[in-house]
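The values are calculated or read from the model by the stated rules, or taken from the named source; none is laboratory data. Please read all numbers here as calculations on a predicted model, not as lab measurements. For neighbour counting, all protein chains shown are included, and Cβ atoms are generated from backbone atoms with ideal geometry for every residue, glycine included.
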Amino acid sequence: MVNDNNHSRLLFCAISDLHLGEEDSVLTNLELGEPVLNPRGPNRCMTTLVNLLHSIKRELNDGKPIPRLVLLGDVVELAQAPFHLATSFFRTLLFLLSQRKLADRVVYCPGNHDHGLWSLARNSAWLEGLCSPSDLEARNDFNYTTQISRPARIPVLERLGKLFPEYEHDIDMLVAYPNYRLVAGSNHEFIFTHGHFMEDSYKLMSIVARRLMENVPTKKLSTAPRKTVEELEKDNAAWIDFVWSGIASSGQSGALFERIYEAVMVRDREVAALLDRVSVVLKEEYDIPYVIEAFEDSAFKAVLKKILGEMGVIGSHHRASARAGAFTRSLESELKAYITNYISRQLASEGDRPSIDKTVFIHGHTHKPYFQAIEAGDFKSVAAVNTGGWVVESKNVTKADPRRPGVVIGTDHGDVALLTFNKGHELVFECKGTNDIWCALIRERLDTLALELGRSVVASSRIREKHLEQRMKKLEHKLDEL
């Protein structure tokens, strides 16, 4: 796209929540409902995603590779898929990016489900440093996060971008965790974060530590239990790795956790039944002093509900329910609190924020794409965008279901656009930005793009429906076994 007075240049594309390796991801190859590695290549839905990125490259960047592809967390599924399986699907995606020369740079911002990959990368970077005697004395700081404007180069991830030399297109692989800032021109910025630290369940260890050790009331801790995002990560890294990035490799107990997780996320009535069964087992195994035996199971159930509620696992949760809209009051409150308490502080502490007229916050995690203007702290003009998700979480998917896959694109003038697929086999496009001429032009380009994709989009959507039906049958069978 030519950069003149009327047009902007493409700066990035962002996608999140691919959950590669999980059977409920529409990008995972299935055989009889189970994830399998397909030596013949990706499934049709992954091919369609890649075709979309290629069309964006062609139509919006004059055929040149996308400058930055931001992978905004939960790209690799480590909570409900074995590590070798999930990362192998990721390799397939990287192969397609190299083969089609789609991106010059990939910035990976891990989420909760692929947090283990961040831990692995961070630890391996430290070990690489230990192997360099000249740097040993200087390496006295073990970083739990990256600087917001300076993604890190970590050897183990850099090598992933150079796996396919035959295509003569190495991908510059960087990692940013948990926040990433990209400046657009002189007075616009994009700030990316997966979004898990907006929820109490991912700050649980910080809340528990301050509640028990400092006797701070829980209500005062829910929005900002720590002063910095690095302190949050120090407290909660092992907790996130255990529950959301490692338990899938724990044999039978991992399979049990997956069933419980799917019950919580998909079928509310199964949660009540599960609590009943657990309470009965606890009653049989343990005795509660001073409680009448007939009421012990109710006591256990009440305690379990309280614990799960404090963790954010059950209750009115904006991610778990398809009935909740894409931008709820609770999500707005969490987003504003995270921006004010953590994004602003990180920017201030790193002294890295000049005068900015417009800020666009982009996150994933909820699987519900939206575009919303908000007010947050000291930021002058703020828009919030969600990238959507590529998983099936309900068998009752309708056009009204806010959970949909999406792609976010942005320019060097601070313009941003959200593209989403819906149940109606269409490419739905929404464009908001500072440049009305750019928005009009890109709508025209995307109208053409929708016609060109035509059969591919429709066919992939139909295949998605078949995948949905297959996955829902498998999911119902697993939940019935609880």
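Answer with yes or no whether Y342 is of a type in the set (S, T, Y), modelled with pLDDT of 85 or more and more than 22 Å from P405 (Cα to Cα). Judged against the criteria, Y342 is a match.
Candidates in region 53-86 are the residues that are in a helix (DSSP H, G or I) and touching a Gly at 6+ places or on another chain (Cβ under 8 Å); of these, the one that is surrounded by the fewest Cβ atoms within 10 Å (Cβ to Cβ) is F83. Tell me whether region 114-125 contains one or more residues that are at pLDDT 85 or above, among the charged types (D, E, K, R) and part of a helix (DSSP H, G or I). For region 114-125, residues at pLDDT 85 or above, among the charged types (D, E, K, R) and part of a helix (DSSP H, G or I): present.
If you go through region 327-338 one residue at a time, do you hit one that is modelled with pLDDT of 60 or more, in a loop (DSSP other than H, G, I, E, B) and within 30 Å of E189 (Cβ to Cβ)?
Yes, region 327-338 has at least one match.
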